[in-house]
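**Student:** Structure incoming, see below.
The values are calculated or read from the model by the stated rules, or taken from the named source; none is laboratory data. Everything numeric here is computed off the predicted structure, so don't read it as measured data. As a convention, Cβ positions derive from the backbone with ideal geometry for all residues, glycine included, and neighbour counts pool all protein chains shown.
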Amino acid sequence: MEFPLVWAEVDLSAIAANVRELCRVVKPAARLMVAVKANAYGHGSVEVARTALAHGADWLGVARFEEALELREAGIAAPILIFGYTPARCTRELIRLHLTQSVHCLDAARALSEQAAGSGDRLKVHLKVDTGMGRLGILTDEHRPGLSGVAPADAAVREVMQMAGLPGLHLEGVFTHFASADSADKSYTHGQLALFERFLDRLKKAGLSIEIRHAANSGGIIDMPQTHLDMVRAGISLYGLYPSGEVRQSTITLTPALTWKARIVHLKKVPAGFYVSYGMTHRTAQPTTIATVPVGYGDGYSRLLSNRGIMLVGGRRVPIVGRVCMDLTMIDVGQIPGVAVDEEVVILGRQGAEAVSADEIADLLGTINYEVVTAISARVPRVFT
């Protein structure tokens, strides 16, 4: 649509600037993987991936096979790691598309091996090690007590050595994921790193050579250079957002890449005592002007922002009044002279001297900035600038 009523502008020069900043901060020997899962955190996976690769990124990371397929079909040839589970029936496609698959246990590796062995080629895999996230990955011996309460010595290492010997697989990398690297208290992350490094050392002593070791997410990249290893994985920082308010923001200058905009589609002057939207949750205290904005929870603008959220009109902050609807939200513009239908509204981002940040919205919702930008739905067109 040439003239959308609601759209998200993605500044690719900001993506490029963030990649350059990440390259500056990351240890010189470490490669940079950028996470473009979930449609690049709502920013547009193909365009963001191309921009990031053109300005210094080495790898791409996605959550699902379908996301990797989209990138390959767009002609992107860079290495891609799939973080999540992929059914073994997709193995031939993984090999054909030169994708790298994460493996989280010996059984999954065996299933992939059975499919890959007859293909005449090998599937590259990275082993996920669970050092305290409790999500995906094999547990080290410290976290897997046996029936006697103590795990057999080097049981995890033996499993990995079995994986490494499976036909049709090439165990290229080993990685872990930090649970709280973006917290001011780094004690748990230090413990995870120590556990991971001990495990890597045991693998080395067992005779296994690992080409790529990686652990650092955005929090680790910013605050803990000792976690950079052979590769880092930048997620939220690629998009100009800090993983939390507790990381050292002075370490790296990030530029938010996304601005969410709309246009006023209706204006009406209403008297004092007038109810706005479903449930009569807002009643005007005085005569005012209500503007209707064509964005709602169907677009990813949370209903929890009803009577709480802020938008920008004419460079000024204006309140949401009444409940956010599926397709429409009302704002009170009575204090702004000359507001007109078709005037631009900023839902997320900057307008003049004012801004509504993803962090501000996240605070109102009791969530994180990741969710705010990722929630913007597919029916909101992305406009790349």
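**Student:** Under 9 Å between Cβ atoms, which residue pairs at least 6 apart in sequence (or on different chains) link something in the range 1-27 that is in the same structural domain as Leu229 (by TED's automatic domain parsing) and acidic (Asp, Glu) with a partner that is part of a helix (DSSP H, G or I) and crowded, with 20+ Cβ neighbours inside 10 Å?
**Tutor:** Glu21/Ser237
**Student:** Can you tell me which residues in the range 331-360 are β-branched (Val, Ile, Thr) and more than 27 Å from Phe274 (Cα to Cα)?
**Tutor:** Hit for the range 331-360 is Val356, nothing else.
**Student:** Additional query: So, of the residues in the range 87-126 that are in a strand (DSSP E or B) and not basic (Lys, Arg), which turns out to be farthest from His190 (Cα to Cα)?
**Tutor:** Leu123
**Student:** Moving on. Just wondering, is there one or more residues in the range 81-88 that are under 16 Å from Pro167 (Cα atoms), in the same structural domain as Tyr41 (by TED's automatic domain parsing) and modelled with pLDDT of 95 or more?
**Tutor:** Among the residues of the range 81-88, at least one is under 16 Å from Pro167 (Cα atoms), in the same structural domain as Tyr41 (by TED's automatic domain parsing) and modelled with pLDDT of 95 or more, which makes the answer yes.
**Student:** For residues that are among the aliphatic types (A, V, I, L, M), part of a loop (DSSP other than H, G, I, E, B) and in contact (Cβ under 8 Å) with a residue 24 or more places away in the chain, scanning just the range 245-290, find the one that is nearest to Asn39 (Cα to Cα).
**Tutor:** So, considering only residues that are among the aliphatic types (A, V, I, L, M), part of a loop (DSSP other than H, G, I, E, B) and in contact (Cβ under 8 Å) with a residue 24 or more places away in the chain, the one nearest to Asn39 (Cα to Cα) is Ala257.
**Student:** Got at least one residue in the range 345-366 being touching a Lys or Arg at 6+ places or on another chain (Cβ under 6 Å), part of a strand (DSSP E or B) and free of Cβ contacts under 8 Å to residues at least 60 places away in the same chain?
**Tutor:** yes
**Student:** In addition: Check whether at least one residue in the range 68-75 is outside any helix (DSSP H, G or I), out of contact with any Asp or Glu (no Cβ under 8 Å at 6 or more places or on another chain) and buried (at least 19 other Cβ atoms within 10 Å of the Cβ), and report yes or no.
**Tutor:** Checking the range 68-75: not a single residue is outside any helix (DSSP H, G or I), out of contact with any Asp or Glu (no Cβ under 8 Å at 6 or more places or on another chain) and buried (at least 19 other Cβ atoms within 10 Å of the Cβ).
**Student:** If you go through the range 127-139 one residue at a time, do you hit one that is part of a loop (DSSP other than H, G, I, E, B), assigned by TED's automatic domain parsing to the domain that holds Ser237, hydroxyl-bearing (Ser, Thr, Tyr) and closer than 19 Å to Leu203 by Cβ?
**Tutor:** Yes, there is a match, as at least one residue in the range 127-139 is part of a loop (DSSP other than H, G, I, E, B), assigned by TED's automatic domain parsing to the domain that holds Ser237, hydroxyl-bearing (Ser, Thr, Tyr) and closer than 19 Å to Leu203 by Cβ.
**Student:** Same structure again: What are the pairs with Cβ atoms under 7 angstrom where one residue, in the range 298-312, is under 18 Å from Gly349 (Cβ atoms) and the other, located anywhere, is hydroxyl-bearing (Ser, Thr, Tyr) and part of a strand (DSSP E or B)? Sequence gap at least six, or different chains.
**Tutor:** Here the result reads Tyr301/Thr329, each pair linking the range 298-312 to a residue that is hydroxyl-bearing (Ser, Thr, Tyr) and part of a strand (DSSP E or B).
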